[in-house]
Every structure is written in C-alpha cells, then in structure tokens.
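Notes follow once the structure below has been shown.
The values are calculated or read from the model by the stated rules, or taken from the named source; none is laboratory data. As the structure is a computational prediction, the values presented were derived from the model and not from experiment. Don't worry about glycine lacking a Cβ; one is built from the backbone with ideal geometry, like all the others, and counts go over all protein chains shown. Areas reflect the complete protein model, heavy atoms only, side chains present, ligands, DNA and RNA absent. Shrake-Rupley method; radii C 1.70, N 1.55, O 1.52, S 1.80 Å.
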Amino acid sequence: PEAIVVSELANRMAERVGEVVKSLMQMGMMVTQNQTIDADTAELIIEEFGHKVVRVSDSDVEQVITQVEDKAEDLKPRPPVITIMGHVDHGKTSLLDAIRDAKVVAGEAGGITQHIGAYQVKTESGAPLTFLDTPGHAAFTSMRSRGAQVTDIVILVVAADDAVMPQTIEAINHAKAAGVPMIVAINKCDKPEANPQKVRTDLLQHEVIVEELSGDVQDVEVSAVTGKGLEELLEAVALQAEILELKSNPDRPAQGAVIEAKLDVGRGPVATVLVQTGTLKQGDIFVVGEQWGKVRAMENDQGNRVKEAGPSVPVEVLGLNGTPEAGDVLNVVSTEAQAREIADYRQEAAKEKRAAAGAATTLEQLLAKA
Ligand code: GTP
Ligand code: MG
C-alpha cells in the first residue's frame with residue numbers, strides 16, 4: 001500500500017530529501033522526491049536514519065502522519081503546561097488572574113468559568129509557563145478531563161474556608177488517571193475562617209499526602225486576594241517542572257491538541273490549539289480530527305497576531321474548513337490533497353461507526369419489542 005511521499009518523509013525526519021532519495025536508491029528503489037513509498041519501506045528508511053517510528057494508525061491513508069520519533073539531540077527544553085483544577089468557586093481563575101496580573105474573573109458571566117482559558121505567563125526569571133484554567137462546575141467534567149490529558153502539572157486549588165468537595169475529588173482522579181504530578185494550592189487563606197490544616201487532612205482521605213504531612217505532594221498556602229504565597233506557588237511549579245525535564249523538538253511539523261473549538265459568526269471555525277511539538281506556522285496545511293485547513297492567521301492569548309507558535313504555546317487558529325472537536329489532535333501535513341484525503345477518510349470511518357452503532361441499537365430495540 002502506498003503511504004508517504006518521499007519529501008514528506010524527509011520533512012518529518014528533518015533530514016535532507018536528497019539523502020533520503022539516495023538511501024532509497026541504495027536499497028534498489030528508484031524514486032523521486034515526489035513519489036510515494038509504502039509504509040514498510042518508509043519504516044526501513046526511518047530506521048536507517050537512526051529515528052524510531054511510531055505508527056499512529058493502521059490505515060494506509062493515516063500513515064502520512066506517522067510520527068517519527070525525535071532524536072535526543074533535536075529535543076529542546078519547552079515550557080511546562082500547568083492546568084488549574086478544583087471545585088467551583090474555590091478561586092482558580094482568581095489565582096491565575098493574580099499570577100497574570102489580569103482580570104478575567106471580573107468579566108465572567110456570573111463569575112463561573114465555562115471554558116478552558118489558555119495563557120502564557122513569563123516568570124521573573126523570564127521562563128514562560130503555560131496555564132490552562134478549567135471550570136469547576138460539575139457540568140464540565142469532560143473539560144477537566146481534557147485539561148488533565150494535555151498537561152504536565154496540575155495545580156489543585158482547594159479553598160481553605162471550604163474543604164475538599166466533589167469536583168476537588170474528581171480533579172484528583174483526573175490527575176491520577178493521567179499520571180500527572182499535582183501541587184496543592186490552599187486558597188483563600190486571607191479569610192478569618194480559613195482552616196488550611198483541615199484541607200490537608202481532608203486530602204489524606206483521597207490519598208493525597210502533602211509535604212506538610214510528610215508526603216511528597218507540594219502544598220502552598222495562598223490568597224488570590226492578597227497575593228500571599230503566589231511566589232512560593234510559582235517556585236513549586238518551577239521545581240516540579242525541573243524534575244520533569246520537559247523537552248520537545250521545535251524544528252518539525254507541528255502537532256497539537258485542540259483545547260476548544262467554535263464556529264465564530266464573523267471568522268468561521270476557530271480552534272484554540274495547544275502546540276505540543278514542532279512549530280505551527282502561518283500557511284501550514286493541517287488535519288485536525290475529521291477536519292482540515294490551512295493556517296490563515298493565528299492569535300496568541302493576548303489577542304495579538306503571531307506568525308508561528310512553538311511547543312507549549314496556545315494559539316487561536318483560523319483557516320479551518322470545519323469545526324473540530326475539543327481534544328482532537330492537529331497534525332501538519334505537506335499538501336492539501338493529503339489533508340483532504342485524511343479528513344475524508346476519517347469522516348467516512350466516523351460515519352460507518354455511527355451507522356454501526358445505530359444498527360446495533362435498532363437490533364436491540366427490535367429484540368426488546370419481540
Ligand atoms: P469556577 O471557574 O466557576 O469554577 O470558579 P473559580 O474557581 O475560578 O473561582 P473564582 O476565581 O471565580 O472565585 C470565586 C470567588 O471567590 C470570587 O468571588 C473571588 O473573588 C473569591 N476568591 C477567590 N480567591 C480568593 C481568595 O484568595 N480570598 C478571598 N477572600 N476570596 C477569593
Ligand atoms: Mg474560574
């Protein structure tokens with residue numbers, strides 16, 4: 001089966017296309033850079049060049065976005081992605097506002113966060129941190145789950161005047177399921193009725209043992225109102241990030257995750273994408289879930305136009321041909337034809353799956369009636 005264009009393969013490996021063609025010739029295959037080779041040959045070449053291959057799918061069409069594992073020397077440090085989670089009203093957005101010196105809370109309808117906000121913050125040392133703010137309301141389980149999946153570190157916010165609540169527990173479970181380290185921010189410590197110790201002992205029951213109680217989960221007493229403990233919290237984040245040694249290769253076609261997507265009346269489909277590896281550039285052609293597109297414009301978290309976005313950078317992407325789903329993966333590919341082919345294939349596959357699911361229900365219904 002045909003799988004990947006030679007130039008695309010070279011591009012994905014960040015190797016010279018001439019070298020790849022030469023290598024193919026040595027294997028007895030006379031192809032030009034614009035010709036397609038099958039997946040098995042591609043894999044041989046990938047190994048020949050000292051890369052490892054990770055197939056993302058068994059479908060031939062999808063082989064185009066076969067992921068080539070990066071070489072160690074191509075990996076560069078990247079900012080950590082930190083997701084703020086916790087029960088409704090425990091002060092997640094306020095904390096982030098205080099860290100960013102911004103005022104998002106004030107602009108929220110009813111003061112309740114209803115979407116994932118993605119922001120980059122520069123610390124005193126100049127090192128950027130990427131923050132995702134999630135809603136604490138019970139209705140937003142899937143958003144919290146998504147936040148946990150694209151994140152490196154979870155900040156669990158628990159209000160010291162309240163206690164561990166249902167969405168606190170849910171957040172703990174998401175972080176654990178995703179295998180992501182947690183830092184506990186005990187918030188609202190400025191309040192006279194604040195009882196941080198109760199938060200710590202409450203957490204014990206959910207197998208979160210904080211440092212103060214001789215565990216290994218960092219805990220920091222903070223107040224979004226007075227700013228108490230914020231520096232310490234950022235230090236805890238920096239320490240955790242250092243341990244994780246986060247790296248990715250900025251010099252390859254981008255891959256990212258859709259944080260949110262919507263159909264904007266004026267601008268068409270818009271997706272907030274967190275770039276995870278590579279650099280997303282204006283003009284790039286990509287597939288994202290069942291959709292595809294060409295980056296027409298990008299905006300950073302400040303609403304400024306940017307021409308490119310590297311690892312851990314959240315950007316709003318314009319130029320989609322349809323609205324993807326939150327959680328979809330974005331992959332840059334070489335040509336519109338490829339992008340369209342993959343998107344079409346995925347749409348077909350999804351349609352078949354839905355039809356199969358539909359048929360199953362009808363059968364069940366028939367049996368139930370019989
Ligand atoms: P959701 O996004 O709806 O889950 O809420 P949230 O966790 O983002 O809480 P938010 O930041 O909107 O804060 C909720 C309320 O608590 C607001 O009225 C804040 O002013 C207040 N608040 C947040 N942090 C503190 C704090 O440290 N001290 C005090 N006294 N009040 C706080
Ligand atoms: Mg909020």
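For the reader, a short list of remarks on this structure follows.
- Over 28 Å between alpha carbons, listed pairs 92/176; 52/307; 52/351; 122/307: 52/307; 52/351
- Per-residue SASA entry for residue 341, accessible area with 1.4 Å probe, Å² rounded to 10: 100 Å²
- Partner aspartates and glutamates for residue 71 [C-alpha distance under 14 Å; skip if fewer than 8 residues away on the same chain]: 15, 47, 48, 251
- Dipole in debye (nearest 20) - the range 174-294, about Cα centre, beta carbon charges: Lys, Arg +1; Asp, Glu -1: 640 debye
- In the assembled protein chains, residue 351 presents an accessible area of approximately 110 Å² (probe radius 1.4 Å).
- Net charge dipole, the chain: roughly 820 debye, given to the nearest 20, about the Cα centre with Cβ charges of +1 for Lys and Arg and -1 for Asp and Glu.
- In this structure residue 313 has an accessible area near 30 Å², from a 1.4 Å probe over the protein heavy atoms.
- Measuring how big the chain is from its alpha-carbon positions, Rg and Dmax come out at 23.3, 78 Å.
- Binning the alpha carbon pair distances of the range 209-328 at 10 angstrom intervals from zero yields the distribution 13, 34, 22, 21, 9, 0, expressed in whole percent.
- Per residue, the average separation of C-alpha pairs within less than 8 Å and at least 6 apart gives the chain a relative contact order of 13 percent.
- The range 227-273 shape via C-alpha gyration tensor axes, a/c threshold 1.5: oblate
- Shape category assigned to the range 85-227 from the gyration tensor of Cα positions, a/c cut at 1.5: rounded
- Under 5 Å, built H, 5+ apart or other chain: amide partners of residue 333: 285, 286, 287
- Of the beta bridges in the chain, as assigned by DSSP with both residues counted there, near 70 percent are antiparallel.
- Karplus-based coupling profile of the range 300-314, in residue order and whole Hz: 7, 5, 8, x, 9, 5, 10, 8, 8, 9, x, x, 6, 9, x, with θ = phi - 60° in 6.51 cos²θ - 1.76 cosθ + 1.60 and x standing for Gly or Pro.
- The residues of the range 216-321 present an accessible area of 44 Å² per residue when probed at 1.4 Å with all protein chains retained.
- If you take all other residues with their beta carbon under 13 Å from the beta carbon of residue 285, and give Lys and Arg +1 and Asp and Glu -1, the sum is 0.
- Projecting the Cα atoms of 265, 224, 289 onto the dipole axis of the range 210-313, where Lys and Arg carry +1 and Asp and Glu carry -1 at the beta carbon, places 265 farthest toward the positive end.
- Karplus (6.51, -1.76, 1.60) ³J(HN,Hα), θ = phi - 60°, over the range 217-225, in Hz, Gly and Pro reported as x: 9, 5, 10, 9, 7, 9, 9, 5, 7
- Whole-Hz couplings from phi, Karplus 6.51/-1.76/1.60, listed for the range 146-151; x for Gly and Pro: 5, x, 5, 6, 9, 9
- For the chain, the mean residue ellipticity at 222 nm estimated from helices alone is -10000 deg cm²/dmol, where every DSSP H run of n ≥ 4 contributes -39500 (n - 2.57) and the total is divided by all residues, rounded to the nearest 500.
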